[in-house]
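This report refers to the structure that appears directly beneath it.
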Amino acid sequence: MSTPATTTPSHVTGAERSAHLERAIEASPGAFRALTGDRPTGPLHVGHLFGTLANRVRLQNLGVEVLVLIADYQTITDRDAPGSLRADVLGQVADYLAVGIDPERSTMFAHSQVEALNQLLLPFLSLVSVAELSRNPTVKDEFATSGASSMRALMFTYPVHQAADILFCHANVVPVGKDQLPHLELTRTIARRFNDRYSPEGSYFCEPDALLSAAPLLLGVDGTKMSKSRGNAIPLCATEDDTARLIRGAKTDPERRITYEPDRRPEVANLVLLAALCTGEDPVTVAEQVGDGGAGGLKRLVTDALNERLRPIRLARAELVKDQRYLGEVLSAGTDRAREIAERTLDEVRRLMHNVY
Ligand code: TRP
């Protein structure tokens, strides 16, 4: 793998960095390897589609090598039983395939299956301090939301494991949402410290860049951030009737005329945005189309737009889940490829650390 065509200046902000990176990717997609992932905690929803899945497909189609990781070990940071893990993992593969992630070009795998990736956690733990891990705001938030009385050691250290997820394959671009930026920063620190300590002649690991998706944060039907755990999401695989029901129950406001004013009318603006993302129109135009149609008119329009946009994905997914064997095969082909990469990296890491006897 060659190094990225440009280095982003460090003084620029997240959004500027991403815009700069976008241009570099378009100029030479072959110089980039993207890795990103999701926790298998249930069916993926429209927030995922517009926030990250569409972006992955776009990168893949541009010619970037894309690896998509199913973070099954991250689900046990606050869970006590396997639950429906197996079905959730295979369902996630079906979601990926249905939205257009192509197993011929992209690699899908679960990190629990890639032994050499997991082994990188040990040396990486020696490169960070307890104090640094204690400061991670995303972990603090997750702990607060979990409602648990004490934090598991895995929740405390998973950002280090996430660095292994990224560095094992020398990914140089990581498409993620803002909440993942602290983990990315830690990954960069680990890469830098590893290089200083074990590879002073020349950097072994590159410091990957986050690629923030341009899609704005979508709210769920209750007006808070759309997420599986809040139960306010519209799953990609929901039926048309379920979608209609979910949208009918969405929070709006009493003003009759529909406008697009995200600050003053966040719930209405979110529905307008959802329709706009589905149809590819401008949100202001969508709002004008509904005009005096009120919340009822808006909801009918959003439901139709969503069902229209999701129809091909749902049809593809329904076919895919009928063939569980095929889903397993996609995953095991991805695992083989990830293992090959991880083993090569672990061999080199051992050599650099003088762990060869
Ligand atoms: N922590 C991510 C999430 O909760 C999932 C994830 C695991 C991930 N490993 C990753 C994301 C590596 C990007 C890169 O959504």
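The values are calculated or read from the model by the stated rules, or taken from the named source; none is laboratory data. This one's a predicted model, so the numbers in the text were calculated from it and none came from an experiment. Ideal geometry is used to build each Cβ from the backbone, glycine not excepted, and the neighbour counts take in all protein chains shown. What goes into the accessible areas is simple: the full protein's heavy atoms, side chains included, and nothing from ligands, DNA or RNA. Shrake-Rupley method; radii C 1.70, N 1.55, O 1.52, S 1.80 Å.
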> Using beta carbons and a limit of 8 Å, which pairs, at least six apart or on different chains, have the first residue in the stretch 17-46 and more than 26 Å from R337 (Cα to Cα) and the second one among the polar types (S, T, N, Q) and within 12 Å of the ligand (Cβ to nearest atom)?
Replying inline: none
>> Please verify whether V176 is under 24 Å from T335 (Cα atoms) and open to solvent by 20 Å² or more (accessible area, probe 1.4 Å), treating the condition exactly as stated.
In response: yes
> Which condition number in (1) open to solvent by 40 Å² or more (accessible area, probe 1.4 Å); (2) modelled with pLDDT under 95; (3) more than 16 Å from the ligand (Cβ to nearest atom) is the one that R230 fails?
Replying inline: (3)
> So is Y158 among the aromatic types (F, W, Y), in contact (Cβ under 8 Å) with a residue 24 or more places away in the chain and within 15 Å of the ligand (Cβ to nearest atom) or not?
Replying inline: yes
> For G334, are the conditions met, namely being under 30 Å from S126 (Cβ atoms), modelled with pLDDT of 95 or more and of a type outside the set (D, E, K, R)?
Replying inline: yes
>> Of the residues V93, V128, only one is away from the ligand (no atom under 14 Å from the Cβ), surrounded by 21 or more Cβ atoms within 10 Å (Cβ to Cβ) and touching a residue at least 60 places away in the same chain (Cβ under 8 Å); which?
In response: V93
> Are any residues in the stretch 46-69 more than 18 Å from I166 (Cα to Cα) and more than 13 Å from the ligand (Cβ to nearest atom), and if so, which ones?
Replying inline: V46, L49, F50, A54, V57, R58, N61, L62, G63
>> Being surrounded by fewer than 23 Cβ atoms within 10 Å (Cβ to Cβ), in contact (Cβ under 8 Å) with a residue 40 or more places away in the chain and of a type in the set (G, A, S) is the filter here; which residues of the stretch 47-70 pass it?
In response: G51, A54
>> Take the residues in the stretch 165-215 that are within 14 Å of the chain's Cα centre (by Cα) and part of a loop (DSSP other than H, G, I, E, B); name whichever of them is nearest to the ligand (Cβ to nearest atom).
In response: G177
>> For the stretch 219-241, give me the residue count where each residue is within 14 Å of the chain's Cα centre (by Cα) and part of a loop (DSSP other than H, G, I, E, B).
In response: 2
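Residue-by-condition table, conditions (1) surrounded by fewer than 21 Cβ atoms within 10 Å (Cβ to Cβ); (2) among the aliphatic types (A, V, I, L, M):
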site	(1), (2)
D102	yes, no
L121	yes, yes
T138	yes, no
P159	no, no
Q162	no, no
I166	no, yes
H170	yes, no
T187	no, no
> How about the stretch 253-338: which helices (runs of 4 or more DSSP H) wholly inside it have at least 3 residues that are open to solvent by 10 Å² or more (accessible area, probe 1.4 Å) and in contact with a Cys (Cβ under 6 Å, 6 or more places away or on another chain)?
Replying inline: 294-321
> Going through the stretch 31-46 one residue at a time, which ones are β-branched (V, I, T) and either open to solvent by 20 Å² or more (accessible area, probe 1.4 Å) or within 12 Å of the chain's Cα centre (by Cα) (or both)?
Replying inline: T36, T41
>> Every residue in the stretch 203-226 that is within 30 Å of T345 (Cβ to Cβ) and out of contact with any strand residue (DSSP E or B) (no Cβ under 8 Å at 6 or more places or on another chain), please.
In response: S203, Y204, F205, C206, E207
